[in-house]
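What follows is a single structure, written as C-alpha cells, with notes after it.
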Amino acid sequence: MDILHHIFYGLGVAVQPLNLLFCFIGVFIGTLVGVLPGLGPVAAISLLLPATFHASPVASIIMLSGIYYGAMYGGSTTSILVNIPGEAASVVTCFDGYQMARQGRAGPALGIAAFGSFIAGTFGVVGLAFMAPPLAAMALKFGPPEYFSLMVLGLTVLTFLAGGSMLKSLMMACFGVVVGNVGLDLITAQPRFTFGWDILLDGVGLIPVVMGLFGISEVLLNVEEKLSEREIFKTKLKGLLPNLQDWKDSIWPIIRGSVLGFLLGILPGGGAVISSFVSYGVEKRLSKHPEEFGKGAIAGVAGPESANNSATAGAFIPLLTLGLPSNAVMAILLGALMIYNMPPGPKLITSHPDLFWGVISSMYIGNIMLLVLNLPLIGVWVKILKVPYPVLFPLILLFCLIGAYSLNNNPAEIGLMLIFGILGYLMKKFKYDGAPLVLAMVLGPLMDNSLRQSLLMSGGSGTIFFTRPICLIIFGMVAIILLLPVLPRISRIRKTVGESD
Amino acid sequence: MRNTDQSSSLFWLAIGIGIVLCSLKYGIGTFHEPGPGFITFFAGAILILLSLGLFFSCFRDQEGRSSLKSLWAGLETGKVLYVILLLLAYTFLLKPVGFLISTFLLLSLLFRVKGPYRLKTIFLMSILVTAGSYIIFEIWLKAQLPKGILGW
C-alpha cells in the first residue's frame with residue numbers, strides 16, 4: 001500500500017498547475033517531433049534542455065520525459081499516413097499501418113496505435129512505480145566494482161542491440177569513453193585532451209555533441225538528397241475508433257507488446273526500437289494468419305506501437321534506480337539531473353521523492369493528454385507534415401545554433417556542435433552508430449571514477465571484479481553477449497534490425 | 001582505397017594511436033595508483049585493436065561493401081559543403097555582428113538551398129523567423145543573445 005501512497009503523493013505533485021503545463025508542452029512537442037521526420041526526441045530534448053535551466057527541476061524533467069514518450073505516439077502517424085517513420089521506433093508500424101491506410105483503414109490504424117500506446121504506456125508507468133523502489137534498495141548495496149561492471153554490461157548490451165556492426169559500435173563506445181573524459185582530471189586536476197581550448201576544461205558538453213550527432217548530421221544528410229514529393233494520404237480520415245473485430249485482433253498483441261516492451265526497455269540500447277521489432281516478430285509467429293502481416297494486419301500495428309511505448313517507461317528504471325542511462329535520451333536526462341544538482345541513483349527516491357514520484361505520475365497524466373491530443377488532432381498533425389523541407393531544415397538548424405550558443409553564451413559551443421555534426425554525418429555515411437558514443441561519453445567519467453576506486457580498494461588487483469559474486473555474474477553476462485554475434489541466427493536478426501534502423 | 005570500412009578503420013586507427021600517445025603523456029600510473037590517462041589509454045588501445053580487426057575483416061569479406069565514391073554518387077554534396085560553410089561563418093560572425101543581422105543573413109541563404117522560392121518570399125520568411133526566434137529566446141526565455149553592431 002506504500003506504493004499507492006507514493007503514487008497519490010506523485011499525483012499531487014504532477015497536477016500542480018506549472019507541472020501540468022510543462023507536461024502538456026512536453027507531450028505536445030514530443031508529438032510534433034514524432035510527426036516530423038528528421039527531428040527525433042534526442043535532438044528535441046537536447047535543444048530544449050538549456051531553456052529549462054530557469055524552471056523548476058521537477059517541471060523540467062516532466063517536460064523532457066513528455067517529449068520522449070510523446071514522440072513515440074507521434075511517430076506512428078507518419079508511419080501510417082506517409083510510410084515515413086517519424087522516428088526509428090515506428091519503422092515497423094509502416095509495414096502494416098501504411099497498408100491499412102491504402103485500404104481505406106487509416107482511421108482504425110491510427111486509433112489502435114493511439115489506444116495501444118495508451119494502454120502500454122499506462123502498464124509501463126505502473127511497472128515503473130512497482131519495480132523501481134525495490135531495485136533502488138538493492139542498488140544501495142552496490143560498491144564501485146559492481147557499478148563499473150554494470151556500466152561495462154550496459155555498454156556491451158548497447159553495442160549488441162544497436163544493430164549493424166558490433167565491431168563499429170564497440171569502437172564508438174571506446175571513443176565515447178575518451179570524449180567523456182576530456183577536461184580536468186577529477187583527482188589530479190590535470191587537463192586531458194583539451195589542446196589549449198578553454199571550453200574543454202570543463203569537459204565536452206553533452207548537448208553540443210548530441211545536437212551535432214543527431215540534429216545537424218540528419219539535416220546534412222537530408223540536404224544532399226534530391227527532393228521528392230511526399231505522398232500524403234489524400235482520403236478523408238473517418239472512423240478513428242476501431243470496431244469490435246479490430247479490438248479482438250489487437251487486445252492480445254497490445255498486452256504482449258506492453259509486457260515485452262517494458263522488459264526490453266529496461267535493457268540498455270534503444271529498447272523502444274528493438275522492442276517494436278521483437279513484438280512484430282512475436283505477433284507474426286503467434287498469428288493464425290501470418291500471411292496477412294505486411295498486407296495490413298492490425299495486430300502488426302497494435303503490438304509494436306504498444307511495445308515502443310511501454311519500453312520508454314522501462315528505460316527510466318536503470319536511470320532512476322542505478323543512475324545509469326540505457327539510451328541516448330536517458331543519457332541527456334542524466335545530464336539534466338546532474339545540472340539540476342539531483343544526481344540520479346538509488347538515493348534519488350528518498351532524497352527527491354517529489355521528482356521521482358512526480359515524474360512517474362506525470363507520465364500517466366501525459367498518456368491521457370496524448371490520447372486527447374492524438375485522436376481528435378490527427379488532421380492538424382497531417383497538415384504539419386505538409387511543411388516543405390526547404391522551410392523546415394533552416395528552422396531546425398537555427399534551433400540547434402541558438403540551443404548550443406545559449407548553453408554558455410559562447411560561440412565556441414556552436415563550433416563544437418558543428419564538429420560533431422560533421423562527424424555524425426560521416427558516421428552515418430560509413431554506418432557507425434552514434435548511440436554507443438553518447439552513452440559511453442556520459443558513462444566515461446563514472447567508469448573512470450569507479451574503476452580507479454575499485455583498484456584502490458583492492459590494492460591494485462584486477463581480481464576484485466572476479467571475486468565479488470555480483471561482478472562475476474555481470475562479467476559472465478558480458479562474455480556471453482560478446483560471443484552471441486558468432487551464432488549465425490543471432491547475427492542475422494541483428495543485421496535485419498540494423499538495416500531497418 | 002578498397003572500400004568504406006577500410007578507409008574508416010584507418011581513420012579510427014589514427015585516432016586510437018593519438019589517444020594512446022596523449023594518455024601516455026598524461027601518465028597512466030599503475031594498477032595500485034591509476035593516473036589521469038589510465039582509462040583513456042585502455043580505451044585507445046582497444047580502439048586500435050578493433051580498427052585493425054575491422055581493417056583486416058575487409059579482406060576476408062569483400063562482398064556487399066561499398067566503395068568510397070558510391071557514398072556520394074548521385075547526391076547534391078556541394079549543398080552539404082555550402083551549408084557547413086554557412087554555419088561556420090555564422091559561428092564567427094554571431095558575436096561581432098549580432099544575432100539579428102547574422103541570423104537574418106543565414107536564413108536568407110539557407111532558405112535558398114533547397115527551395116524554389118522568390119527573393120521576396122525568402123526575405124519575408126527570414127524576417128519573420130528571425131523576429132520570432134528573437135521574441136522567444138531573447139525576450140521570453142532571456143537567452144542573452146549577442147547584440148553586436150546594432151546594440152540590441
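The numbers here are math on the coordinates, done by the rules we state, and not lab data. These figures come from a predicted structure and were not determined experimentally. Glycine also receives a Cβ, built like all others from the backbone with ideal geometry; neighbour counts cover every protein chain displayed.
Please list the non-local residues whose amide H lies under 5 Å from the amide H of A:Arg192, H modeled 1.01 Å from N, same-chain partners needing a gap of 5 or more.
A:Gly183, A:Leu184, A:Asp185
Quick one: if the Förster radius is 51 Å, what FRET efficiency do A:Lys226 and A:Ile480 give, using the C-beta to C-beta distance and rounding to 0.05?
Details: r = 45 Å, r/R0 = 0.89.
Between A:Lys226 and A:Ile480 the formula returns 0.65.
Under the rule that an exposed site lies in a DSSP loop and has at most 12 other Cβ atoms within 10 Å, name the longest stretch of chain A with no trypsin sites (Lys or Arg not before Pro) of that kind, not counting the sites themselves. Display every interim value, and only then the final one.
Numbers: sites that count: A:Lys141, A:Lys226, A:Lys234, A:Lys236, A:Lys238, A:Lys288, A:Lys386.
Result for the longest clean stretch: A:1-140.
Sort the range B:4-71 into rounded, prolate or oblate with this rule: let a ≥ b ≥ c be the square roots of the eigenvalues of the Cα gyration tensor; rounded if a/c is under 1.5, and if a/c is not under 1.5, prolate when a/b is larger than b/c, oblate otherwise.
Details: a/c = 5.18, a/b = 2.83, b/c = 1.83.
Cα axes put the range B:4-71 in the prolate bin.
Can you give the FRET efficiency to the nearest 0.05 for B:Leu124 and B:Leu10, using r as the Cβ-Cβ distance and R₀ = 41 Å? Walk me through the intermediate numbers first.
Values: r = 48 Å, r/R0 = 1.18.
Efficiency computed from Cβ-Cβ geometry: 0.25.
Please name whichever of A:Gly421, A:Gly294, A:Tyr364 sits farthest to the positive end of the charge dipole of chain A, dipole taken about the Cα centre and charges placed at Cβ: Lys and Arg +1, Asp and Glu -1.
A:Gly294
List every DSSP H helix in chain A whose Cα atoms extend 15 Å or more along the helix's own long axis and whose mean Kyte-Doolittle hydropathy is at least 1.6. The partial results should precede the final answer.
Details: long enough: A:2-14 (18 Å, 1.03); A:17-35 (27 Å, 2.14); A:57-82 (37 Å, 1.14); A:91-102 (17 Å, 0.29); A:106-139 (46 Å, 1.56); A:144-161 (25 Å, 1.35); A:166-180 (21 Å, 1.83); A:244-266 (33 Å, 0.66); A:271-286 (22 Å, 0.57); A:299-317 (28 Å, 0.35); A:328-339 (17 Å, 2.78); A:353-374 (30 Å, 1.23); A:389-408 (30 Å, 1.77); A:411-429 (27 Å, 1.14); A:435-457 (32 Å, 1.05); A:469-483 (21 Å, 3.01); A:488-500 (18 Å, -0.92).
Helix filter hits for chain A: A:17-35, A:166-180, A:328-339, A:389-408, A:469-483.
What does the charge dipole of the protein assembly as shown about its Cα centre add up to, to the nearest 20 debye, if the Cβ of each Lys and Arg holds +1 and the Cβ of each Asp and Glu holds -1?
Numbers: 41 positive and 30 negative charges, 253 e Å.
The calculation lands at about 1220 debye.
Just want to confirm a number: the relative contact order over chain A, from Cα pairs under 8 angstrom separated by 6+ residues, in percent. Don't skip to the end; give the middle numbers.
Numbers: 947 pairs, mean separation 141.8, N = 501.
Across chain A, relative contact order equals 28 percent.
Select from A:Phe466, A:Val178, B:Thr130 the residue farthest towards the positive end of the dipole of the protein assembly as shown; place +1 on Cβ of Lys and Arg, -1 on Cβ of Asp and Glu, and compute about the Cα centre.
Selected residue: B:Thr130.
Between A:Lys288 and A:Asp198, what is the spin-label point distance in nm, taking each point 7 Å from the Cα along the Cα→C-beta axis?
7.3
Mind checking Rg over Rh on the range B:65-109, alpha carbons, Kirkwood formula for Rh?
Working: Rg = 15.2 Å, Rh = 12.3 Å.
We get a ratio of 1.23 for the range B:65-109.
With helices defined as uninterrupted DSSP H runs, which ones in chain B have an alpha carbon span along their own long axis of at least 27 Å and mean Kyte-Doolittle hydropathy of at least -1.0? Don't skip to the answer; put the middle values down first.
Numbers: long enough: B:4-26 (33 Å, 0.97); B:38-60 (34 Å, 2.08); B:77-97 (30 Å, 1.64).
In chain B, the long hydrophobic H runs are B:4-26, B:38-60, B:77-97.
With charges set only on the Cβ (+1 for Lys and Arg, -1 for Asp and Glu), what does the dipole of the range B:4-71 come to about its Cα centre, in debye to the nearest 20?
On the way: 4 positive and 4 negative charges, 32 e Å.
That gives a dipole near 160 debye.
Name the long-range amide H neighbours of B:Gly29: under 5 Å, sequence gap of 5 or more, or other chain; modelled H, no Pro or chain starts.
Counting only residues 5 or more places away or on other chains, the set is B:Gly35.
Starting from the range B:112-152, pick out the trypsin sites (Lys or Arg not before Pro) whose DSSP state is loop and whose Cβ has at most 12 other Cβ atoms within 10 Å.
Passing both the DSSP loop test and the Cβ count: B:Arg118, B:Lys142.
Over chain B, what is the relative contact order in whole percent, taking alpha-carbon pairs under 8 Å and six or more residues apart?
Relative contact order here is 21 percent.
With an 8 Å cut-off on Cα pairs and a minimum separation of 6 or more residues, tell me the relative contact order of the range A:97-229 in percent.
Numbers: 51 pairs, mean separation 12.9, N = 133.
Relative contact order comes out at 10 percent.
Pull out a ≥ b ≥ c, the square roots of the eigenvalues of the alpha-carbon gyration tensor of the range A:315-455, then state rounded if a/c is under 1.5, prolate if not and a/b is larger than b/c, and oblate in the remaining case.
Values: a/c = 2.01, a/b = 1.16, b/c = 1.74.
Cα axes put the range A:315-455 in the oblate bin.
Across 20 Å bins from 0, what is the distribution of all Cα-Cα pair distances for chain A, in whole percents?
The distribution over chain A is 24, 59, 16, 0, given as percents.
Under a Cβ-only charge scheme (Lys and Arg +1, Asp and Glu -1), can you give me the dipole magnitude of the range B:77-150 about the Cα centre, in debye to the nearest 20?
Charge dipole, the range B:77-150, about its Cα centre: 180 debye, nearest 20.
Taking the Cβ-Cβ separation of A:Thr350 and A:Leu426 as r and a Förster radius of 45 Å, what is the calculated FRET efficiency to the nearest 0.05?
Details: r = 45 Å, r/R0 = 1.00.
E between A:Thr350 and A:Leu426, to the nearest 0.05, is 0.50.
Say we join alpha carbon atoms closer than 10 Å with springs in a Gaussian network model of chain B; which of B:Ile101, B:Ile139, B:Ile127 then has the biggest fluctuation?
Taking springs between Cα atoms under 10 Å, the residue moving most is B:Ile139.
Per DSSP H run of at least 4 residues, take -39500 (n - 2.57); add these up for chain B, divide by its residues and hand me the 222 nm value, nearest 500 deg cm²/dmol. Walk me through the intermediate numbers first.
Working: 5 runs with 98 residues, N = 152.
Estimated from H runs of four or more residues: -22000 deg cm²/dmol.
Taking a cut-off of 19 Å between Cα atoms, list the lysines near A:Lys386, but don't count ones fewer than 8 places away on the same chain.
Leaving aside lysines fewer than 8 places away in the same chain, those within reach of A:Lys386 are A:Lys226, A:Lys234, A:Lys236, B:Lys114.
Quick one: longest stretch of chain A between exposed loop GluC sites (Glu not before Pro), exposed meaning at most 14 other C-beta atoms within 10 Å and loop per DSSP?
Details: sites that count: A:Glu225, A:Glu229, A:Glu231.
For GluC sites (Glu not before Pro) (loop position, at most 14 other Cβ atoms within 10 Å), the longest site-free span of chain A is A:232-501.
Note the direction-averaged projected area, equal to a quarter of the hull surface, for the Cα convex hull of the range B:41-152, in nm².
Numbers: hull surface 49.1 nm².
The Cα convex hull of the range B:41-152, projected and averaged over all directions, gives 12.3 nm².
Any idea how far apart B:Trp140 and B:Lys25 come out in nm if each label point goes 7 Å out from Cα toward Cβ?
In this crude label model, B:Trp140 to B:Lys25 measures out at 4.7 nm.
Putting +1 on Lys and Arg Cβ atoms and -1 on Asp and Glu Cβ atoms, find which of B:Trp72, A:Leu322, B:Phe55 reaches farthest to the positive end of the dipole of the protein assembly as shown.
The residue sitting farthest along the positive end of the dipole is B:Trp72.
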